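No value in this document is a laboratory result; all are computed from the given coordinates. Bear in mind that the values here come from a model prediction, so they are computed numbers and not experimental data. FYI the Cβ positions are ideal-geometry reconstructions off the backbone, even for glycines, and counts take in every protein chain you see.
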Amino acid sequence: MKEHVPVMVNEVLEALMPWEKVNVTVDATLGLGGHSGFILKNCPEAYLIGFDQDPYAREIAEENLKGFSGRFEIEADNFRHIEKLKERPGWKGASSVLFDLGVSNMQITESERGFSFQEDGPLDMRMDAAEHTNSELTAKEILDSWSIKEITDIFRKYGEEQYAYQIARGIVRNREAGRILKTTGDLVELIRTILPAPVQRKMGGHPARKVFQALRIAVNDEMNALEEALDGALKILVPGGKILVISYHSLEDRIVKTKFRKWQEEYLGKAKPRKALIPSEIEIERNHKSRSAKLRIFESETEISRKGEKYDVLHRMPT
């Protein structure tokens, strides 16, 4: 069994209180089942539906949660399709939906997945590479065929990479010279060649880290998927239900913050608390991955007032 330490689990459990009122809950990013296990252990009436498009993660989660047999099920799907739960016969809504947007250590460290800039592997980066159920685009296709401008744009937008243009230009020139990037190691070596040593020393981390993040986000269409998933999550909530989102970088957090603010302006509920929660110093010391985490919580209203007219939020729910 693979161990997995979920981030900000104490804050998540506190946000779900009172635990005895938690019934159907959706873990939109099941992963290895870390958060789900704690929810099922502490919330006696909880029935959990976990979404994950990664077949490797689903297999491990199934094993990790076997002690809660009959109280959970796993959907082999991208969380952007979460709204499909409304189509289930007798669906009454979820009391909570949880998103943990971090990439698991398993995905990063296993070289055959192509996510790691520290291990040599294929230039793939599809979350569902074994099943081809969501993304047909691969990192290799981007690097082999996209223009300097297109590559620069994703490095800037999704990686916030200061040297996006220089790296993109170097990649395309390398391609035009007839040299083909075959593995993640090839890409890392090329980036180290493109960027002068003094620049690399000032970057404060691995010179390929932001490029790999940008490619992963682009390949899996992560930002658009998150937008769709958040909208879908609100539509499957019961009145007074909660959406909890743990993000790890500014791109994700900005989307969540903006979405919650928009919903609040439309009288669909409130962010509670107003500002994001962050991990304790003790957790950061014990789990370095948590250092950049932010948890935002949105609670839907039981009634919505819009333009002076009130109506029951159940108009959004399946009967």
Estimated distance in nm for a label pair at Ile284 and Ala197, the labels positioned 7 Å out from Cα along Cα-to-Cβ: 3.3 nm
For the Cα atoms of the chain, what angle does the longest principal axis make with the long axis of helix 164-176, in degrees from 0 to 90, nearest 10? 50 degrees
From the helices alone, meaning DSSP H stretches of at least four residues, give me the mean residue ellipticity at 222 nm for the chain, per-run term -39500 (n - 2.57), in deg cm²/dmol to the nearest 500. -12000 deg cm²/dmol
Nearest-20 debye value, the range 133-251 charge dipole, Cβ charges on Lys, Arg, Asp, Glu: 580 debye
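Beyond a 21 Å Cα-Cα separation, which of these cross-linked pairs lie in this structure: Lys149/Lys210; Lys210/Lys294; Lys21/Lys257; Lys140/Lys210; Lys242/Lys262? Spell out each step's value before the answer.
Details: Lys149/Lys210 17 Å; Lys210/Lys294 19 Å; Lys21/Lys257 26 Å; Lys140/Lys210 16 Å; Lys242/Lys262 16 Å.
Flagged as over cut-off: Lys21/Lys257.
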Interchain or sequence-distant (5+) residues whose placed amide H lies within less than 5 Å of the amide H of Asp128 are Ser135
Taking 0.36 nm per residue of sequence separation and subtracting the Cα-Cα distance, how much length would be gained by fully extending the chain between Glu73 and Arg254, in nm to one decimal? 62.1 nm
In terms of the charge dipole of the chain, which places +1 on Lys and Arg and -1 on Asp and Glu at the beta carbon, the residue among Pro44, Leu143, Ile60 farthest towards the positive end is Leu143
Counting Lys +1, Arg +1, Asp -1, Glu -1, what net charge surrounds Glu160 among other residues with beta carbon under 15 Å of its beta carbon? +1
What length, rounded to one decimal in nm, is gained on full extension from Asn224 through to Asn23, with 0.36 nm per residue of separation minus their alpha-carbon distance? 69.5 nm
Relative to the first principal axis of the alpha-carbon coordinates of the chain, what is the inclination of helix 184-194, with its axis defined by its Cα atoms, in degrees from 0 to 90 and to the nearest 10? 60 degrees
Net charge over other residues, Cβ less than 12 angstrom from the Cβ of Asn42 (K, R count +1; D, E count -1): -2
Among Gly31, Ala76, Ile191, the residue whose Cα sits farthest towards the positive end of the charge dipole of the chain (+1 at Cβ of Lys and Arg, -1 at Cβ of Asp and Glu, taken about the Cα centre) is Ile191
With +1 on the Cβ of every Lys and Arg and -1 on the Cβ of every Asp and Glu, the dipole magnitude of the chain about its Cα centre, in debye rounded to the nearest 20, is 1160 debye
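Please arrange His288, His206 by counting, for each residue, the other beta carbons lying within 10 Å of its beta carbon, fewest first. Please report the intermediate quantities before stating the final value.
Values: His288 9, His206 15.
Sorted ascending by nearby Cβ count, the order is His288, His206.
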If you work out Rg/Rh (Cα atoms, Kirkwood Rh) from the coordinates, which of (1) 1.00; (2) 0.93; (3) 0.96 do you get? (1)
Two-decimal Rg/Rh of the range 136-219 from alpha-carbon positions, Kirkwood Rh? 0.92
For the range 44-76, run through the GluC sites (Glu not before Pro) and keep only the ones in DSSP coil with at most 15 other Cβ atoms within 10 Å of their Cβ. Glu45
Please work out whether the range 162-260 counts as rounded, prolate or oblate from its C-alpha gyration tensor, where a ≥ b ≥ c are the square roots of the eigenvalues and a/c under 1.5 means rounded, while otherwise a/b larger than b/c means prolate and anything else oblate? prolate
Figure the gain on full extension for Ser147 and Glu301 (residue separation times 0.36 nm, minus the Cα-Cα span) and round it to one decimal in nm. 50.8 nm
Which residue, Met127, Met17, Met223, has the most motion in a Gaussian network model of the chain that connects Cα atoms within less than 10 Å? Met17
Place the peptides 293-300, 143-150, 256-263 in order of packing, highest mean first, counting for every residue the other Cβ atoms within 10 Å and averaging per peptide. 293-300, 256-263, 143-150
For Val219, what charge total do you get from the other residues with a beta carbon under 10 Å from its beta carbon, if Lys and Arg give +1 and Asp and Glu give -1? -2
